[in-house]
Each structure stands twice: as structure tokens, then as C-alpha cells.
1. With a 1.4 Å probe and every protein chain left in place, work out the accessible area per residue of the chain in Å², rounded to a whole number.
2. Could you tell me whether the stretch 160-256 comes out rounded, prolate or oblate from its Cα gyration tensor? Rule is a ≥ b ≥ c as square roots of the eigenvalues, rounded for a/c under 1.5, then prolate if a/b exceeds b/c, otherwise oblate.
3. Under a Cβ-Cβ cut-off of 14 Å, what is the net charge of the residues other than ILE176 that fall near it, where Lys and Arg count +1 and Asp and Glu count -1?
4. Each label point is 7 Å from the Cα along the Cα-to-Cβ direction; what then is the distance between the points at VAL164 and VAL43, in nm?
5. Which entry in [x] 1, 6, 12, 16, 19, 18, 12, 7, 4, 2, 2, 1, 1, 0, 0, 0; [y] 1, 7, 15, 19, 21, 18, 12, 5, 1, 0, 0; [z] 1, 5, 10, 12, 14, 13, 12, 10, 8, 6, 4, 2, 1, 0, 0 is this structure's computed P(r) over Cα pairs in 5 Å bins from 0, in percent?
6. Putting +1 on Lys and Arg Cβ atoms and -1 on Asp and Glu Cβ atoms, find which of GLY179, THR168, ALA80 reaches farthest to the positive end of the dipole of the chain.
7. Taking Cα centroids, how far is the stretch 1-40 from the stretch 183-256 in Å?
8. Got a number for carbon plus sulfur as a percent of the stretch 45-85's accessible area, 1.4 Å probe?
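The values are calculated or read from the model by the stated rules, or taken from the named source; none is laboratory data. As the structure is a prediction and not an experimental result, all values here were calculated from the model. A quick note on method: Cβ atoms are made from the backbone with ideal geometry, for glycine too, and the neighbour counts reach across all protein chains shown. These area figures cover heavy atoms from the full protein model, side chains too; ligands, DNA and RNA do not enter into them. Shrake-Rupley method; radii C 1.70, N 1.55, O 1.52, S 1.80 Å.
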Amino acid sequence: MQLIQQLRQQQPLVHCITNFVVANFQANGLLALGASPVMADAVEEAEDIARIAACSILNIGTLKQQTVDAMILAGNSARAAGKPVVLDPVGAGATPFRKASALKVLEEVDITLIRCNAGELAAIADIPWTAKGVDAGEGSADIEDIAKKTARKYNCLVAVSGEVDIVTDGHSMLSIIGGHPMMTTITGTGCLLSSVTGAFLAVGMENPLESVADALSFYKRAGEQTAKISRGPGDFAVNFLNTLHTLDRDSKTFLA
């Protein structure tokens, strides 16, 4: 059985501490995929929610100190319960506060996966890079080498999105081609991808590297198929949710 089919059968509860720009799109994307989202960032309940969820996603997109505190509580609670934790260091290089916050989470939480773009990875690794806000930016560093070193440093997986996605455990590396440029024309596709990788990890922790690669591949194929039926960013966003719902779905097994 494919991992996406397992996911749709198990409907894992995905705990998202995320940013207000993308929370609705992220939640709807998880529902379309077949998972069950819970968007809870209060310090008072972060540990409890993370303990019962199948995975936790920590996204620093719209950051406050209280959010960082909640992320650390949730991350440690999730890991203590044996659940995967994904860090999305959105725009980590944009300000000192963002970078320091991402590094603090990495230092205090046993992160399972860092899901980022090249600019964010460079910021975490303290490598010179020209970034523009939360965009990937440009640089000449060897991203594959940096990803491996970062994975070894934090004893986690690192997935870097781009024209070709890569995921590494610090030793082995897998590359995933595909996708479509239109995926970058709407906000939230990267943030949703982090949640999707978490959902795949929740049902595939026996082979985490392959599970993340499967998630990246599924997501790129969804982007390709959506672009074929979309005229622009407006209908792409709607069609993308529909594609996440229908892609690789066996109608004989899964009834909507």
C-alpha cells in the first residue's frame, strides 16, 4: 500500500503552530490530503495538543516570543511521546530574531525534519546568502553539502525545496524533480508542504528518509497536475486543494 493511502486511512492529527498568513490554506490542504489539522499555538495547551497529535509542525512565519515558547513546549512534548516534529524556519535569514529563534528551537528540541528553502538553510548554517524576505534568494554555496552537514549537526533530516528538491539524513541523499513555477505564485505552498511532510512522517516513521521523499514527490506531482488546469494564481490555489484530495486516490477503497 502506498504511503498516501495509509495516510488517508489513518487520518493523522497534525498539530500546526504556524503563521496567520497561511493557517487557513494549511488547514484546508491537510483536510484535502486526508489528514486532520489542529491549529493551536497557545503556551497553555501546546504540550497537551502535541502529546495527542500524530506530529507537530513548527512554523516561524509570523513570529512572537510567545510562539517560540509554545514551539519548544510542543516540540519536546511531541518527541517525548515518540511523535515526529517538523521545523519550517520561514525567512530565517530575514532578521536576527528569526535566526535566533530558529536556532533556539533546534538547540532545545529534538527536531525530526527541517523543511526549508536554500536561503533558510544557509541562514541556519551561517553561510553567506542573498535572501529577500522569505524567498529562497541566491547564493553560490553547495546546498547539498550544507544540507548534509546540518542534518548531521542536529541529528535530523533536512529537506530543501527548489526546482529540484533534496532530502538527506546527513549521509544518504535523495533528489526529487518535478513541480511547476506556478506553485510559487500563491502564498502558503511551502508552509503547507511542511505539514504534508509531517503527515507522511506520522504514518511512515519506519523509513523517515523515504517517507519525506514520498511527500515531496507527491507534492510536486500535485503542482504539475494543477498547473495543467489552471489559468493563474487564483484558480491554482483552489485547484491545488482539489488535486491534493484526488491524486492517487483509489475510489474503490476511499469513498469521499
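1. With all protein chains present, the chain gives 44 Å² per residue.
2. Judged from the Cα gyration tensor, the stretch 160-256 comes out oblate (a/c at least 1.5, b/c at or above a/b).
3. Surrounding charge for ILE176 is -3.
4. The modelled label-to-label distance comes out at 4.5 nm.
5. From the options [x] 1, 6, 12, 16, 19, 18, 12, 7, 4, 2, 2, 1, 1, 0, 0, 0; [y] 1, 7, 15, 19, 21, 18, 12, 5, 1, 0, 0; [z] 1, 5, 10, 12, 14, 13, 12, 10, 8, 6, 4, 2, 1, 0, 0, the structure gives [y].
6. Of the listed residues, the answer is GLY179.
7. The stretch 1-40 and the stretch 183-256 have Cα centres separated by 10 Å.
8. Ligands and nucleic acids excluded, carbon and sulfur reach 48 percent.
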